[in-house]
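Each remark here refers to the structure printed beneath this line.
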Amino acid sequence: MKKILITGGAGYIGSHTAVELWNAGMEPIILDDLSNSDEKVLDRLEEITGKRFAFFKGDCNDKSLLERIATEHQLAGVIHFAAFKAVGESTSQPLKYYKNNVGSLIVLLEFMQEQGIQDLVFSSSCTVYGQPEVLPVTESTPRQEAESPYGNTKKICEDILMDYVKSKPGVRVISLRYFNPVGAHPSAKIGELPIGTPQNLVPYITQTAAGIREKLTVFGNDYDTSDGSCVRDYIHVVDVADAHVKALSYLSGQEDNFYEVFNVGTGKGNTVLEVIHAFEKVSGQKLNYVIGPRRPGDVVKTWADTTKINQVLGWYPKYSLEDSMRDSWNWQKRL
Ligand code: NAD
Ligand code: WQD
C-alpha cells in the first residue's frame, strides 16, 4: 500500500483527504502541529476508516522531523496542506504567513529531493485569480496581484513550484486551486473547526443557526449579480478530497519534471442568499440574517471552469450545494 505524507492532515481538507486516500487504497501518514486543529480528529478518522493512521505532531518546517518520518515510513508522495489561512490576520502579521506558508514548501521540497520522493500535490486557491474579468475562470485566466499576504503566499508557492520543476529535479507536481470548500464528512465525524469567530460564510451560517452567533450579516446586496449578493463556487470538501486522490493517481503515470494546475470547483456560482436559502431548506430552520454593508476587498463574483480537471483527471463533483449545507449542519449539531 502506497504511503502518502499529508502535512496539515488533521485540518479541515486534510482530514477528509486522509479518508478518501484510504478508501482508494493508499495509507495516509499525517503530520500536523495542531496549530489549527485537534488531535481528536485522529480518533474520528479511526471511527470512519477502522484504521489508526500514523500521526506525527510537529512543524513541517522541521526537516529533522520529516527525516524521522521518512525513516519510519517509505513515502510514495506528499500532499501539502499545512499553512495558515486567515486572510485578515495575514494582513496584520504578514511575516508569520510568509514564514509558514512559503518557508514550509521550501523545506518540504528540499526534503523530497534528498529522499527521492517524486510526487507532490499542493493546496492552492482561487484567491490567485482575484476578481477575474471573464467568467468562468479557466486555469489560463491571468493571476492577479494578491489582495492579501495570504493570497500572495499561494501565488509565490505556485511560482516556486513552477521554477523548481523547470530546474528538472525529477519531481511531479500538481497545484489544485480550490474555490470555496464547504460541507463536512457525511458521517458528521469530521468537519471544519473554526477557532474563534468564523470569517467564512458557511461556518457563520451554521453557528448562527445553532445559536452561537446572534445573526449573520450578508455583506452587501447591491452588487451586479442576480440578487445583488456576491457569487462563489461552493464545493463539497469530500469532492475536494477526492480531487487529491485523482491528482496523485494521475501524477504516478507522468514523466519526470511535470507541473500542472487545476481548478477544483463545481463549475457553478451561487449567491450568498442562495446559500442561505439552501441551508434553510435542508435544515428546516429560518436563519436570522440581515443585509449589511459590503466587505472591503470582497471579490464580487467568481466560479470555476472545470473542463480541465474533468477531462484530464476524470474528476467530477458528486455533491450538491444542498448536500454541503446538510453535511455542514449535521456536523455543527455534533460539535
Ligand atoms: P486548516 O487550518 O483546517 O488545515 C491546515 C492544517 O495545517 C491545520 O491542521 C494546522 O494545524 C496545520 N498546520 C499549519 N501550519 C503547520 C505547520 N507549519 N506544520 C504542521 N502543521 C501545520 O485549513 P484547510 O481549510 O484544511 O486548508 C488546507 C489548505 O488548503 C491550506 O493550505 C489552505 O491555505 C488551502 N486552502 C483552503 C481553502 C479553504 O477555504 N478552506 C481554500 C483554498 C485553499
Ligand atoms: C463567501 C461569501 C462574503 C461571511 C475566502 C478567502 C479566500 C479563499 C476562499 C483560501 C462572500 C459572504 C461571508 C459573512 C457574508 N480561501 N459573507 N457574511 O470571500 O470567497 O474567500 O475563502 O484560499 O482566500 O478569502 O469566502 O466564506 O469569506 O465569503 O455575507 O459573515 O460570503 O462576502 O461573498 P471568500 P468567505
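The values are calculated or read from the model by the stated rules, or taken from the named source; none is laboratory data. None of these values were measured; they are calculated from a predicted model. Quick reminder, even Gly has a Cβ in these numbers, built from the backbone with ideal geometry, and neighbours come from all protein chains shown.
Of note:
- Exactly one residue out of Val290, Val261, Val282, Val238 is within 13 Å of ligand 2 (Cβ to nearest atom) and at pLDDT 95 or above: that is Val290.
- Residues that are out of contact with any Asp or Glu (no Cβ under 7 Å at 6 or more places or on another chain), closer than 30 Å to Trp22 by Cβ and not basic (Lys, Arg) number at least 2 in the following strands (runs of 3 or more DSSP E) confined to segment 221-294: 234-236, 258-264.
- Selection status of Ile4, surrounded by 16 or more Cβ atoms within 10 Å (Cβ to Cβ), among the aliphatic types (A, V, I, L, M), within 13 Å of ligand 1 (Cβ to nearest atom) and at negative phi: no
- Filtered residues of segment 49-95 (kept if within 16 Å of ligand 2 (Cβ to nearest atom), in a helix (DSSP H, G or I) and surrounded by fewer than 20 Cβ atoms within 10 Å (Cβ to Cβ)): Val87, Gly88, Glu89, Thr91, Ser92, Pro94
- For Glu322, the stated conditions hold: it is closer than 19 Å to Pro181 by Cα and more than 16 Å from ligand 1 (Cβ to nearest atom).
- Residue check for Thr217: part of a strand (DSSP E or B), over 21 Å from Gly151 (Cα atoms), within 12 Å of ligand 2 (Cβ to nearest atom) and out of contact with any Leu (no Cβ under 7 Å at 6 or more places or on another chain): yes
- Contacts under 8 angstrom Cβ, first residue in segment 119-140 being closer than 15 Å to Ile309 by Cβ, partner of a type in the set (A, V, I, L, M, F, W, C) and assigned to a loop (DSSP other than H, G, I, E, B), 6 or more apart: Ser123/Phe81; Ser123/Ala83; Cys126/Phe179; Pro136/Trp303; Val137/Trp303
- Residue among Val182, Val171, Val137 that is modelled with pLDDT of 95 or more and away from ligand 2 (no atom under 16 Å from the Cβ): Val171
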